[in-house]
Amino acid sequence: MQSATLHPALASLQSFSEPPPAGKPNILGTPLAELRTFVEKHGLPGFRAQQIFHGVFRHRHKSFADITNLSKEFREILEQTFDITRPRVDQIEKSSDGTRKYRFLTIDNLAFEAVFIPEVAKGRKTSTLCVSSQTGCAVGCKFCFTAAIKRNRNLAASEIIGQVLAVAEDIGHKEPDAKFTNIVFMGMGEPLLNYEHVVRSVRVLLDEEGMDFSARRITISTSGIVPRIYDLGRDVPVQLAISLNATTDEVRDIIMPINKKWPIHELIQSMRDYPLQNRRRITVEYVLLQGINDSLDDAQRLIHLLEDIPVKINILPLNPHDKTSYLPPSAETTDQFQAELRRHGYHTMVRRTRGDEISAACGQLGETALQNTTML
Ligand code: SF4
């Protein structure tokens, strides 16, 4: 999973501390193949690993003692070898539109958030869970609240899966096959700077013996960590979203300093090279900032940049917060920007702000993480 030699620019960004050693590996972040090796080492047939997976992910047991189709002796071995704890939910905020924001605490008392967004599309109920991959973000996009959080570390795969399990439990997914329609890695952090744990968590989510999500329903969003986009394309068949937000290097260098490492033309090339299965599209996220990237010239440059790439474009008027000096565009500017893209045949959507009254909208995550968690 890890590249043999890291791109030098990537190595300099990987200085975040790793998840703290929990003493024991957590079963929630352990892919089935590894569990099978463990089981066989104990002289047991491989299907025991599947039984553990069923117990933990389908029946959502929180203790090995409850997986009663395993022998008592083997359950004790599991207990001694693995941790099974989830990150603690210490706050849930509910918005009038049904959005729920969850604040979790890690064992080293760092806060991170996940957001549940219920929707009705074409008369059908859908739901999206937006998960975090880090407790802050060092990428430093100038329009994003999370960038202001300095206590940053990678979340372990178990802490990512823990978000899915905890939110499912809170909203009443009692049936083993009840699932969110979509899981998006668009919460706090840059997923591709926590590559190993993100890919491990995706493998657990996709495993049909466990969470059994479809790869079509999992999207990883990146600010443009180009070498990892290539790795991702090889490692797991998930959907890709690119947070582009500008059409010139001059502007992108300012609003997304990561662009100085991987400029727009390299990012666009990685999109062209990303392996897409039939009829899939890459999602392009474009946060509109008043007077910065919202002109018709920007729209035309965007059309030119994305020519011949299968994309859908999500236009997001900035969700304002007190950590950015940028402002959202007017509704009229947003409409004109979208109309120009549509005129050229692009599938676009203006993302309706969800959960902004609880600071759960895109680019707003992390407010509760800045509060004094030691008081809780
Ligand atoms: S937009 Fe994403 S990558 Fe940029 S600072 Fe925020 S969390 Fe990090």
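Brief remarks on what is shown
- Theoretical FRET efficiency, 1/(1+(r/R0)^6), r = Cβ-Cβ of Glu169 and Leu327, R0 25 Å, to 0.05: 0.05
- Gyration tensor (alpha-carbon) shape descriptor, segment 131-239, a/c threshold 1.5: oblate
- Highest mean packing first, where packing is the average number of other Cβ atoms within 10 Å per residue, the peptides 55-64, 159-168, 34-43, 136-145 line up as 159-168, 136-145, 55-64, 34-43.
- Taking Cβ atoms as reference points and 12 Å as the exclusive limit, the residues near Thr181 contribute a net charge of +4, counting Lys and Arg as +1 and Asp and Glu as -1.
- Relative contact order of segment 27-81, defined on C-alpha pairs under 8 angstrom at six or more residues apart (%): 22 percent
- Averaged over residues, the count of other Cβ atoms within 10 Å places the peptides 336-344, 146-154 in the sequence 146-154, 336-344, highest first.
- In nm, spacing of pseudo-spin labels at His54 and Gln277 (7 Å Cα→C-beta vector): 2.5 nm
- A simple spin-label model places pseudo-atoms 7 Å from Cα toward Cβ; at Arg88 and Phe47 they are separated by 4.1 nm.
- Shape call, segment 88-375: gyration tensor on alpha carbons, a/c limit 1.5: rounded
- Counting only alpha carbon atoms, the long axis of helix 296-305 and the longest principal axis of the chain meet at about 50°.
- Cα-based reach from Lys125 at 20 Å (exclusive), listing aspartates and glutamates while leaving out same-chain residues under 8 positions away: Asp97, Glu169, Asp170, Glu175, Asp177, Asp212
- Considering only alpha-carbon pairs that sit under 8 angstrom and 6 or more positions apart, the relative contact order computed for segment 88-375 is 19 percent.
- Segment 47-67 versus segment 161-239: alpha-carbon centroid distance in Å: 20 Å
- Antiparallel bridge percentage (DSSP; both residues within the chain; nearest 5): 45 percent
- Computed FRET value (nearest 0.05) for Gln80 with Asn109, which takes r as the C-beta separation and R₀ as 25 Å: 0.45
- Only one residue of Leu341, Ile183, Ile255 has its Cα farthest out toward the positive end of the dipole of the chain, where Lys and Arg carry +1 and Asp and Glu -1 on Cβ, and that residue is Ile183.
- Anchor Lys62: lysines whose Cα lies under 26 Å away (excluding residues fewer than 8 positions away in-chain): Lys24, Lys41, Lys72, Lys94, Lys101, Lys174, Lys179
- Asp97-Met349 pseudo-label distance in nm [points 7 Å out on the Cα-to-Cβ vector]: 1.3 nm
- Charging the Cβ of each Asp and Glu at -1 and of each Lys and Arg at +1, and nothing else, the dipole of the chain about its Cα centre rounds to 600 debye.
Where a number appears in this text, it was derived from the coordinates with a stated rule and is not lab data. Note that this is a predicted model, so its numbers are computed, not measured. Quick reminder, even Gly has a Cβ in these numbers, built from the backbone with ideal geometry, and neighbours come from all protein chains shown.
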